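Only the coordinates and a few stated rules stand behind these numbers; no lab work does. Because the structure is a prediction, the values reported are computed rather than measured. All Cβ positions, even for glycine, are placed from backbone atoms using ideal geometry, and neighbour counts span all protein chains on display.
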Amino acid sequence: MNKGNIPVKLKLCTVADLDKLVQISRTTYYETFIASNSEEDMDIYLETCLSKTVLEKEMANRESKFYLAYVDDTLIGYLKINTGAAQTEIFEQHTIELERIYLIRDFQGKHYADVMLQKAIDQGKEMKADFIWLGVWENNFRAIRFYEKKGFVKFGEHDFVMGNDVQTDQLMKKDLK
């Protein structure tokens, strides 16, 4: 539940949901980052990283899980969790990565992300991971504050390629033990 008492339901994404996943991935990414990036870089990213072919391949990886977030029958966002070799960085400890968590703009700030993040944390605890980690763009101050409030701390950085632009993500983690 969220603080507004409107339940968000998380549904494990299946191949039958692929078109919905493509739509919500592209919509939420565009809404989140278009103001800070060029149309050219955005178009390249959407086609090379969030195309139907790419997302279908990611879904086929047994070490990745996508969850679609719904309020009533409205698709409002999604998250992607990676374990094992599916993680974008591999650490010595047993870890879980929250690679993506996105909400449609109209549903942001209403505590739906709390429920979505908790799903990822619960998955990490179930698998007895040492920590959950993520990369967040260094200029996404709102997201950084959100993760800090949830107990995540910065522990490094890595490059993130947005079209032709190499950006820096802060790596943040939360211990689960």
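Over the Cα atoms of the stretch 110-177, compute the convex hull volume and normalise it per residue, giving Å³. Mind showing how you got there, number by number?
Details: hull volume 6.7 nm³, N = 68.
Enclosed volume per residue, from the Cα hull, is 99 Å³.
State, to one decimal in nm, how far the label point of K20 lies from the label point of D72, with both points 7 Å from Cα in the Cβ direction.
Simple spin-label model gives 1.6 nm for this pair.
Between T95 and residues 5 or more places away or on another chain, which pairs have amide H atoms under 5 Å apart, with H built 1.01 Å from N, and which residues are they?
Amide H to amide H, under 5 Å and 5 or more residues apart or across chains, T95 pairs with G84, D130.
Between the stretch 155-177 and the stretch 58-76, what's the alpha-carbon centroid distance in Å?
Each part reduced to its Cα centre gives a spacing of 22 Å.
Considering the Cα trace of the stretch 70-140, what is its radius of gyration and what is Dmax, both in angstroms?
Computed over the Cα atoms of the stretch 70-140, radius of gyration and Dmax are 13.3, 41 Å.
Taking the Cα centre as origin and putting +1 on Lys and Arg beta-carbons and -1 on Asp and Glu beta-carbons, what dipole magnitude results for the stretch 1-154, to the nearest 20 debye?
680
Starting from the Cα-Cα distance between I44 and E148, subtract it from 0.36 nm times their residue separation and give me the gain in nm to one decimal. Walk me through the numbers before you get to the answer.
Details: separation 104, 0.36 × 104 = 37.44 nm, distance 3.06 nm.
Stretched fully, the I44-E148 segment lengthens by 34.4 nm.
With each label point set 7 Å from Cα along the Cα-Cβ vector, what nm distance links K11 and E31?
Roughly 1.8 nm, to one decimal.
Taking the radius of gyration and the Kirkwood hydrodynamic radius from Cα positions alone, what is the Rg/Rh ratio for the chain, to two decimal places? Could the numbers behind the result be given before it?
On the way: Rg = 15.4 Å, Rh = 16.6 Å.
In the chain, Rg relative to Rh is 0.93.
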